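Visitor: After the structure tokens below, expect a handful of questions from me.
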Amino acid sequence: MSVQLKTITVIGAGGKMGMRISANFQKSDYQVFYCENSPKAQEQVSAQGRELSDAASVVPLSDVVILAVPDIVLGKVSEGVVPQMKAGAILLTLDPAAAYANLIAHRDGIEYAVAHPCHPSVFLERYTKEEHADAFGGIAAVQHVAASYETGSDEQKAELSKVISVMYGPVEQVHWVTVTQLAYLEPTLVETVACMVGAFMKEALDETVKHSGVPEEAAKAMLYGHIQIALAVAFRATNPFSDACMIAMEYGREKIVKPDWKQIFDQKELDIVIARMLKIDAIKR
């Protein structure tokens, strides 16, 4: 007997991610129930023509229950939702932190998954204004998704991939990893490193303007272009960095980067950052 996932409930449908994924589900063939507790967020859901449902009534009917709520409340929300789910249903969260920390309520007969968008690549070929405007993904620009599903059948996994491709669509590929591997991707790789570097570059831009007197537009033009070429050279080897640039890069490493920075990939460091993100004392093991 083939597995089909037809009915979906979105918990937190009026939040930032809830609104994003609901917009895609609204255009799909899935039967979707939208649940939201906040009165203000409820108004946002209704304004988009989505009918609000009572979670206690629709969760028991759903093949997939999506928790589109902040990480720090995932544990508490799951404690109320999981007991209501039907046997064989899938609980899907959007970030790995709570799953990695074992904060999600567990019950026999329920499957668990996490799916997080990679966002459109900086190297993505974009052809329309809509694609250029879609930096986050889920509207017009194609993106990949990293997901974890370690408990269910291959048939469920294939069906879940379809659900994920709709909620984050347009999606080119869903990459299946473990929960721990997904946690190394986010937060370690993309938040601890990439997002920090992005914010650091903005700070460096501000300092350049402040201390050198360079016009802000000139500084932005120089930085924005060099961000692109630096990524192209580093990741795609389009051209080598010049000898002088390599010397300046090494000076930058000496002044800015700690020699032991790679310790962030130790699992104990991963535990520390996720515990901080979830505002808990320590990761449960």
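Visitor: Give me the percent relative contact order of the chain, please, defined on Cα pairs under 8 angstrom at least 6 residues apart. Mind showing how you got there, number by number?
Guide: On the way: 402 pairs, mean separation 42.5, N = 285.
Once normalised by length, the contact order is 15 percent.
Visitor: Same structure, new question: Quick one: length gained pulling residue 246 to residue 231 fully straight, 0.36 nm per residue minus the C-alpha distance? Walk me through the intermediate numbers first.
Guide: Details: separation 15, 0.36 × 15 = 5.40 nm, distance 1.44 nm.
Result: 4.0 nm gained on full extension.
Visitor: Related question: Could you tell me the calculated FRET efficiency between residue 37 and residue 279, based on Cβ-Cβ distance and R0 = 22 angstrom, to the nearest 0.05?
Guide: Details: r = 20 Å, r/R0 = 0.93.
With a Förster radius of 22 Å, E is 0.60.
Visitor: Follow-up. Round to a whole angstrom and tell me the spacing of the C-alpha centers of the range 208-285 and the range 134-150.
Guide: Using only Cα atoms to place each centre, the spacing works out to 24 Å.
Visitor: Oh, and also: Rounded to a whole number, what % of the accessible area of the range 88-209 do carbon and sulfur atoms account for, probe 1.4 Å?
Guide: 58 percent
Visitor: Residues of the range 1-113: accessible area per residue at 1.4 Å, in Å²? Mind showing how you got there, number by number?
Guide: Working: 5320 Å² over 113 residues.
The answer is 47 Å² per residue.
Visitor: Are there GluC sites (Glu not before Pro) in the range 65-134 that DSSP marks as loop and that have at most 10 other Cβ atoms within 10 Å, and which are they?
Guide: Details: sites: 79, 111, 125, 130, 131; in loops: 125.
Qualifying residues, ordered by number: 125.
Visitor: Once both axes come from the Cα atoms, what is the angle between helix 196-212 and the longest principal axis of the chain, in degrees from 0 to 90, rounded to 10?
Guide: 40 degrees
Visitor: Using the Kirkwood radius over Cα pairs, work out the Stokes-Einstein diffusion coefficient for the range 112-210 at 37 °C and 0.692 mPa s, in µm²/s as a whole number. Please list the in-between numbers first.
Guide: Numbers: Rh = 15.1 Å.
Taking Rh from Cα pairs, D becomes 217 µm²/s.
Visitor: Now for a separate question. Residue farthest toward the positive end of the dipole of the chain, with Cβ of Lys/Arg at +1 and Asp/Glu at -1: which of 208, 280, 264?
Guide: Going by the charge dipole, the pick is 280.
Visitor: Using a probe radius of 1.4 Å on heavy atoms only, what accessible surface per residue do you get for the range 182-238? Whole Å² is fine.
Guide: Roughly 67 Å² per residue, with all protein chains present.
Visitor: With runs of 4+ DSSP H residues as the only contributors, calculate the mean residue ellipticity of the chain at 222 nm using -39,500 (n - 2.57) per run, divided by the residue total and rounded to the nearest 500.
Guide: Details: 12 runs with 126 residues, N = 285.
Mean residue ellipticity, 222 nm, calculated: -13000 deg cm²/dmol.
Visitor: Here is a further query. By how many degrees, 0 to 90 and rounded to 10, does the Cα axis of helix 216-236 deviate from the longest principal axis of the chain?
Guide: It works out to around 70 degrees.
Visitor: What's the magnitude of the charge dipole for the chain around its Cα centre, counting Lys and Arg as +1 and Asp and Glu as -1 at the beta-carbon? Answer in Debye, nearest 20.
Guide: Details: 26 positive and 35 negative charges, 48 e Å.
In total the dipole reaches around 240 debye.
Visitor: Relative contact order for the range 69-149: what percent, with Cα pairs under 8 Å and sequence separation of 6 or more?
Guide: Relative contact order of the range 69-149: 27 percent.
Visitor: Also, quick follow-up: Order 276, 126, 107 by their accessible area, 1.4 angstrom probe, all chains in place, largest first.
Guide: I get 276, 107, 126, largest accessible area first.
Visitor: Taking the Cα atoms only, what angle lies between the long axis of helix 267-278 and the longest principal axis of the chain, rounded to 10 degrees?
Guide: 70 degrees
Visitor: Tell me, what is the Rg over Rh of the range 23-146, with Rh the Kirkwood radius over Cα pairs? Working shown, then result.
Guide: Values: Rg = 16.3 Å, Rh = 16.3 Å.
Dividing the radius of gyration by the Kirkwood radius yields 1.00.
Visitor: Using the scaling law 2.2 N^0.38 Å as the reference, what is the normalised Cα Rg of the range 39-104? Write out the running numbers ahead of the final one.
Guide: Details: Rg = 12.9 Å, N = 66, 2.2 N^0.38 = 10.8 Å.
For the range 39-104, the normalised Cα radius of gyration is 1.19.
Visitor: Which one of 26, 93, 42 has its Cα pushed farthest toward the positive end of the charge dipole of the chain, where Lys and Arg give +1 and Asp and Glu give -1 at the Cβ?
Guide: It is 42, whose Cα lies furthest towards the positive end.
Visitor: Run through the range 96-172 and list the chymotrypsin sites (Phe, Trp or Tyr not before Pro) located in a DSSP loop whose Cβ has at most 10 other Cβ atoms within 10 Å.
Guide: 123, 127
Visitor: Along the charge dipole of the chain, pointing to its positive end and built from +1/-1 on Cβ of Lys, Arg, Asp and Glu, which listed residue (132, 144, 83) has its Cα farthest out?
Guide: Sorting the options by dipole projection puts first 83.
The values are calculated or read from the model by the stated rules, or taken from the named source; none is laboratory data. Predicted, not measured: the structure shown is a model, and the values here were computed from it. With ideal geometry, Cβ positions are generated from the backbone for all residues, glycine too; neighbour counts draw on all protein chains shown. What goes into the accessible areas is simple: the full protein's heavy atoms, side chains included, and nothing from ligands, DNA or RNA. Shrake-Rupley method; radii C 1.70, N 1.55, O 1.52, S 1.80 Å.
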